[in-house]
Amino acid sequence: MEQVQAWMEKYQAAWSSNLPEDISALFTPDARYETRPADPDPWVGRDDIVDRWLAARDEPGDWTFSWELLGTDGNTAFVQGLTTYSGDRPTYDNLWVIRFDGTGRAASFTEWFMQRSG
C-alpha cells in the first residue's frame, strides 16, 4: 500500500528531525496516539502529540529502524518494526496499528513494543 510506505517514510523523517511541523504533518487534527493498547493517558490532538513526542524524543543517529507491512484492512495498516538503539541501550520489537483518514494522515496510532532479551 503506497499510503503506508509514504507515511512510514515521513514518520522516520520526523523521528530523525524532531521538527514539530514534521511530526504534526503525520496526524489529523484530532488524532489519538497510544504508546500502548488501551493507554490510560493517550496523546490526543496534534499539539499534544507534538509536545509529548518531543518530551520523549530520541536523538538523531541514536537508533535504527526497520519495518515491514504485515497487512491492511481498509484504512488500517499493521506494521512490524525493529528499533535498535546505539550503545548499551536495548533493542525493541514493535507492532503498530495505524488508522488513516483517507488523506494519508493517521487518525489513530497504537504501538506495542517489547524489549528483546539478551
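The values are calculated or read from the model by the stated rules, or taken from the named source; none is laboratory data. All of these numbers come straight from a predicted model, not from anything done at the bench. Don't worry about glycine lacking a Cβ; one is built from the backbone with ideal geometry, like all the others, and counts go over all protein chains shown.
Give me the residue from the stretch 6-43 that is at pLDDT 95 or above and among the β-branched types (Val, Ile, Thr) and, out of that set, farthest from THR76 (Cα to Cα). Going through the qualifying residues, I end up with ILE23.
Checked against the criterion of being in contact with a Lys or Arg (Cβ under 7 Å, 6 or more places away or on another chain), surrounded by 12 or more Cβ atoms within 10 Å (Cβ to Cβ) and among the hydrophobic types (A, V, I, L, M, F, W, C), the candidates VAL50, VAL79, VAL44, VAL97 yield just one match: VAL44.
Just to be sure, is ASP88 on the phi < 0 side of the Ramachandran plot and surrounded by 13 or more Cβ atoms within 10 Å (Cβ to Cβ)?
Criteria not met by ASP88.
Could you tell me how many of the residues in the stretch 91-112 are under 22 Å from ASP39 (Cβ atoms), in a strand (DSSP E or B) and not hydrophobic (A, V, I, L, M, F, W, C)? So that I can check it myself, show each step before the final result.
Step one: of the stretch 91-112, the residues under 22 Å from ASP39 (Cβ atoms) are 92-101, 105-112.
Subset that is in a strand (DSSP E or B): 92-100, 106-112.
Within this subset, residues satisfying the condition of being not hydrophobic (A, V, I, L, M, F, W, C) are 92-94, 99, 108, 110-111.
The total comes to 7.
The residues of the stretch 96-116 that are within 15 Å of the chain's Cα centre (by Cα) and over 18 Å from THR64 (Cβ atoms), listed by number, are VAL97, ILE98, ARG99, PHE100, GLY104, ARG105, ALA106, ALA107, SER108, PHE109, THR110, TRP112.
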